[in-house]
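Okay, structure first, notes after.
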Amino acid sequence: LKPFAGIVNRAALRFREPPRDWPPCAMTSRPRIAPWTWVALLVATWAPRLNGQTTTAPTDVWVSPADYAAAAEAKGAVDAYCLDGGFRGDVDRKSGRDTLVSAVGGTNVIKEALSEAKSQDEVGPLAVKKLNPVALVVGAGGTVLAILLLIWWFLCCWTCCPCCKCCRVCRKPRKTAWKWKAVLIAIGIGIMIGIIVSAAMAFNGYNTAVDGIDNMACTVAQLLNGTLSGQENPSFLGMIPLLKLFSSMEQSLSPTAGFMLGIRAQIDSTAVISESVMVASETFGLLKVALDNMPPEIASNKHKCEFCQVLSPALATSIDVLDNGVGAALAGARKEIDKQLSPEMSSDLQGALRQAAMPLAEVKELIRDTFSFFTDTDKFLQLRGHLAGDGPKTVMWICSIIIIIALALSACMMFDLTWFCLWEERKVSAESLDTKYSKVTHRCACCTWCCGWYFAILAFLVGGLLAVVSNVLSSVCLIMDDMDLPMLEDMGGSFGLDFKQPETQQMGDILDQCVFPANRTANPALLDVITIKENGTKVTMREKIIGKVKDQIDSAFDNIDKSLQSTGGMSVKETPAVQELVSNLSNPLDMMILTDSGHDWQSDPSYSPLFAEPALRDGFISSVRCSDGSPNFGGQTIKGVEQFVAAVAALGTRASVRPDCADLTVCDVSKTPPQVAACGAGNEYVKLKQKILDLGTFRCDVFTNPTDDFSDCDPLSLTGTYDAASKKTVYSSTCVYPDGKVKRKQKNCNLNEFVTYVSQFATRINNTLGRVDKVVEETGPGISVGLKKLVTQYLLDPMNVIVNGVTCGFIGATYRKMVDGLCYQSVVGFTNISRSYNACGALALFLIVLMYGVWRRTIDNVNSRMEVKPENDGVVIP
């Protein structure tokens, strides 16, 4: 266990978390590691994150020449090991697990030691402490029996020596009845059948072990080949292509890279789009400010701006058209790309790519170095040659020789028993009563039980040693088969890790979702598993790279397509909403500032007398404009102030003292009292008009001229001239400062100026929206085609590949296959071989007892006959 822990520790020291600005350097090689330790090594991948250790990246890319060499070897290994194209043999996990549990023989000492150890140094002593001597003796029972048989042999072997006749107690001639001979034959047949069954079990275990080794080699080769070069099902791009992609993206985000220089050039050359949309939007803003900030005196003088109520919805719709138009979409895409690929954001994205690539590169190297032995086909096939294949087949011959000896002994036993039953004794002559005993029987029996003794020692010794090895391997296999995050947390101390700490949660998540997933059919994306800290908050790499970069840029370009589809290619200036707004602006605003019909005029004593006069009553609802007029909507005529003033003047004398038509009347007192009262009420009504006409607080805002930062700049003067050299229209009086913005300048004005100001918005809107349409036509392809092509080629497409290609489900699936091959085939196969050898040894004990009995019976008969003949005095038959 200590070398195992040392391997894990050395692997852990290889893994570091880089700072955001670490420089690259070359990767180094690592020692090769036993195949069943790779899970522990993957656990150790993230260990140094707890200690704040750092490492460096390769010089230009994340892929070293060793990776290409390993990928080529892995491809060759797949071709060499996976000839059948699938998993060889069957795996009965239930039966195999029962075999592994039985081989462990009770408590899994290795598991308990790993769970209770607080450090790597404690694992070995704990394992030794937890060993049960009785269980150890039982587990290695074959070896113990082999030693006891060897000792017993030296105590009993003397009986077969001719010079030790005295050691043969109870010597006397014996007759054997046929029924007992039949029993002996039956016992012999049973022993022979048992040996044949054990032989079949041994060869079946051998074939299973060979299949397991081949499956493990094929699986490991597929794992390494899939990890480095990629695979289709489940889909995985491959670490080499993936890390090259990461490196390419990281390098393309460098400020001096061609991609970034091209982006900056496109951003600069298309700035006019953002500028034109901004100016148009700000122009709409000027109109909105004017309408939203009508003087409150209008309402206090019992009037309301009907024009504002008509114009505001059309203005809001036009603003929405601009905001959702192609120009705004192009400007939005440009702004988003400018934001995402700004020096600060691109540097941050480079750091995120490095952080995402670093653990992938380390896992790649770990798996490469761990399993490179198996992909070295020359070495592995040479080693496998000792098991099967074209090599010396050492293991197969050892297995075969032991089984052949067992079968030979059983054949000798059956031959001797048959001879014993049929030809062991015969009459010397028909007339003689003397019986002659065959010497073949006792000699064959002696040879059989002596060789059987040697065979039993060999069978028990080999079977016992295999049982000890199977016990250890079965313990490891049960850990590998049951491994999950809670078990890893229990065993964390033996690896020098505390998986329950917050800083190790990411490592636990990776192992839990990729290597030991509860759902074994899942194929999780590594970008959803790997997390980083951003402003103290944990975010996944998908959120960082995809959610905050790719999705934002994709959305910006999608808006361009949506705008094109919604407008059908129509320019913003020509849209119905804008045309309606421009049309409404042709109506004089003062014609639409009308008497508030919601006021109860007839109950108001100041104005109720005027309703007695039909002329005043008919012209009461009027605008603040002198003349009558008809707006281009509504289909009605709106009376002006002049007609009402004239009706009031009919009741007296008009005092023409104002520049406008809102004159008061000197009432004729000679008129009837109702007429005089109507004249006075009419004057009060005209005074309301005068107060509105005299207002000087209307908003007529403009922009500040960027040339002197003081004078007015009005889009009314915006003009464009086509430049044949650049094939673009150059505009003057744009009012845009060098920082790409405009400054609003607040100006107050009187009603006449305000009416003119508002009516001129038709020209302002046509100028600014016409510029937007022209710029979209001339410069739009620079964003929708040129900029999109650059970003798609160097950023979006690689990100799509990363999203779809960085999955880790194949690791868990391959791990299960490796466990099946290593544990449920190889270890189970060797366990069955061990049991078959122990069974052969046990059957050999029965054979020894049986043959020893036959030998003693026949040798005593032969010696007894020889001893009664004088001519044979002193002769002992061996």
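The values are calculated or read from the model by the stated rules, or taken from the named source; none is laboratory data. Quantities reported herein were computed from a predicted structural model and do not represent experimental measurements. With ideal geometry, Cβ positions are generated from the backbone for all residues, glycine too; neighbour counts draw on all protein chains shown. The area values use the complete protein model at the heavy-atom level, side chains included, leaving out ligands, DNA and RNA. Shrake-Rupley method; radii C 1.70, N 1.55, O 1.52, S 1.80 Å.
Does residue 280 satisfy being open to solvent by 50 Å² or more (accessible area, probe 1.4 Å), at pLDDT 90 or above and among the small types (Gly, Ala, Ser)? Even if it seems obvious, please write down each step before you answer.
Working: open to solvent by 50 Å² or more (accessible area, probe 1.4 Å): no; at pLDDT 90 or above: yes; among the small types (Gly, Ala, Ser): yes.
Spelling it out, it is not the case that residue 280 is open to solvent by 50 Å² or more (accessible area, probe 1.4 Å), at pLDDT 90 or above and among the small types (Gly, Ala, Ser).
Can you name every residue in region 207-239 that is farther than 17 Å from residue 83 by Cβ and either aromatic (Phe, Trp, Tyr) or assigned to a helix (DSSP H, G or I) (or both)?
Passing the criteria: 208, 209, 223, 224, 226, 227, 228, 229, 236, 239.
Could you run through region 114-152 and say how many residues are out of contact with any helix residue (DSSP H, G or I) (no Cβ under 7 Å at 6 or more places or on another chain), farther than 26 Å from residue 480 by Cβ and either surrounded by 14 or more Cβ atoms within 10 Å (Cβ to Cβ) or at pLDDT 80 or above (or both)?
So the count comes out to 4.
Of all residues in region 348-399 being open to solvent by 10 Å² or more (accessible area, probe 1.4 Å) and polar (S, T, N, Q), which is farthest from the chain's Cα centre (by Cα)?
394
Mind listing just one residue for me: the one in region 639-654 that is assigned to a helix (DSSP H, G or I) and not small (Gly, Ala, Ser) and, of those, nearest to residue 588 (Cα to Cα)? Lay out the reasoning, then the answer.
Pass one, region 639-654, residues assigned to a helix (DSSP H, G or I): 641-649.
Pick out the ones that are also not small (Gly, Ala, Ser) and you get 641-645, 648.
Numbers: 641: 14, 642: 16, 643: 18, 644: 19, 645: 20, 648: 25 Å.
So, considering only residues that are assigned to a helix (DSSP H, G or I) and not small (Gly, Ala, Ser), the one nearest to residue 588 (Cα to Cα) is 641.
Please name all residue pairs, on different chains or six or more residues apart, with Cβ atoms under 8 Å, provided the first residue is in region 83-107 and is on the phi < 0 side of the Ramachandran plot and modelled with pLDDT of 80 or more and the second residue is of a type in the set (S, T, N, Q) and open to solvent by 60 Å² or more (accessible area, probe 1.4 Å).
107/132
State which residue pairs qualify: first residue in contact (Cβ under 8 Å) with a residue 24 or more places away in the chain and inside region 448-471, second residue among the charged types (D, E, K, R) in any location, beta carbons under 7 Å apart, and separation of 6 or more residues or different chains.
From residues that are in contact (Cβ under 8 Å) with a residue 24 or more places away in the chain, the pairs are 448/416.
Just checking, how many residues over region 657-706 are part of a loop (DSSP other than H, G, I, E, B) and within 24 Å of residue 303 (Cα to Cα)?
13
Keeping to region 605-618, report how many residues are assigned to a loop (DSSP other than H, G, I, E, B) and either surrounded by fewer than 20 Cβ atoms within 10 Å (Cβ to Cβ) or free of Cβ contacts under 8 Å to residues at least 24 places away in the same chain (or both).
2
Restricting to region 660-687, name every residue that is of a type outside the set (Asp, Glu), open to solvent by 10 Å² or more (accessible area, probe 1.4 Å) and in contact (Cβ under 8 Å) with a residue 60 or more places away in the chain.
674, 675, 677, 680
For region 254-275, check the following and say yes or no: at least one residue is open to solvent by 50 Å² or more (accessible area, probe 1.4 Å), in contact with a helix residue (DSSP H, G or I) (Cβ under 7 Å, 6 or more places away or on another chain) and of a type in the set (Gly, Ala, Ser).
Yes, that holds for at least one residue.
Which strands (runs of 3 or more DSSP E) sit wholly inside region 506-597 and have at least 2 residues that are closer than 25 Å to residue 350 by Cα?
Qualifying strands (runs of 3 or more DSSP E): 531-534, 537-540.
Looking at 575, 504 in this structure, which one is modelled with pLDDT under 85 and hydroxyl-bearing (Ser, Thr, Tyr)?
When all the criteria are applied, what remains is 504.
Read through the list (1) touching a Gly at 6+ places or on another chain (Cβ under 7 Å); (2) open to solvent by 60 Å² or more (accessible area, probe 1.4 Å), then give the number of the only condition that residue 339 fails.
Condition (1) is where residue 339 drops out.
To keep it simple, each residue is scored yes or no on (1) buried (at least 21 other Cβ atoms within 10 Å of the Cβ); (2) among the charged types (D, E, K, R).
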residue	(1), (2)
519	no, no
543	no, yes
557	yes, no
572	yes, no
578	yes, no
583	no, no
591	yes, no
603	no, no
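From the list 302, 288, pick out the single residue that is basic (Lys, Arg), under 30 Å from residue 596 (Cβ atoms) and either free of Cβ contacts under 8 Å to residues at least 40 places away in the same chain or touching a Cys at 6+ places or on another chain (Cβ under 8 Å) (or both).
Of 302, 288, the one residue that is basic (Lys, Arg), under 30 Å from residue 596 (Cβ atoms) and either free of Cβ contacts under 8 Å to residues at least 40 places away in the same chain or touching a Cys at 6+ places or on another chain (Cβ under 8 Å) (or both) is 288.
Go through the residues of region 232-245 one by one and say whether even a single one is open to solvent by less than 20 Å² (accessible area, probe 1.4 Å) and over 18 Å from the mean Cα position of the chain (by Cα). Break it down stepwise before answering.
Residues of region 232-245 that are open to solvent by less than 20 Å² (accessible area, probe 1.4 Å), as a first pass: 236, 238-240, 242-243.
Filter again for over 18 Å from the mean Cα position of the chain (by Cα), leaving none.
Within region 232-245, none of the residues are open to solvent by less than 20 Å² (accessible area, probe 1.4 Å) and over 18 Å from the mean Cα position of the chain (by Cα).
Just checking, does region 707-715 include any residue being open to solvent by 30 Å² or more (accessible area, probe 1.4 Å), among the aromatic types (Phe, Trp, Tyr), in a loop (DSSP other than H, G, I, E, B) and farther than 19 Å from residue 572 by Cβ?
Yes, the conditions are met somewhere in region 707-715.
Of all residues in region 294-319, which are surrounded by 15 or more Cβ atoms within 10 Å (Cβ to Cβ) and part of a helix (DSSP H, G or I)?
298, 306, 307, 308, 310, 311, 312, 314, 315, 317, 318, 319 - these are the residues of region 294-319 that are surrounded by 15 or more Cβ atoms within 10 Å (Cβ to Cβ) and part of a helix (DSSP H, G or I).
Yes/no matrix, rows are residues, columns are (1) farther than 30 Å from residue 838 by Cβ; (2) buried (at least 17 other Cβ atoms within 10 Å of the Cβ); (3) at pLDDT 65 or above:
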site: 417; (1), (2), (3): no, yes, yes
site: 422; (1), (2), (3): yes, no, yes
site: 426; (1), (2), (3): yes, no, no
site: 433; (1), (2), (3): yes, no, no
site: 440; (1), (2), (3): yes, no, yes
site: 445; (1), (2), (3): no, yes, yes
site: 455; (1), (2), (3): no, yes, yes
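Based on what the data block shows, is residue 261 of a type in the set (A, V, I, L, M, F, W, C) and closer than 20 Å to residue 781 by Cβ?
Taking the combined requirement at face value, the residue satisfies it.
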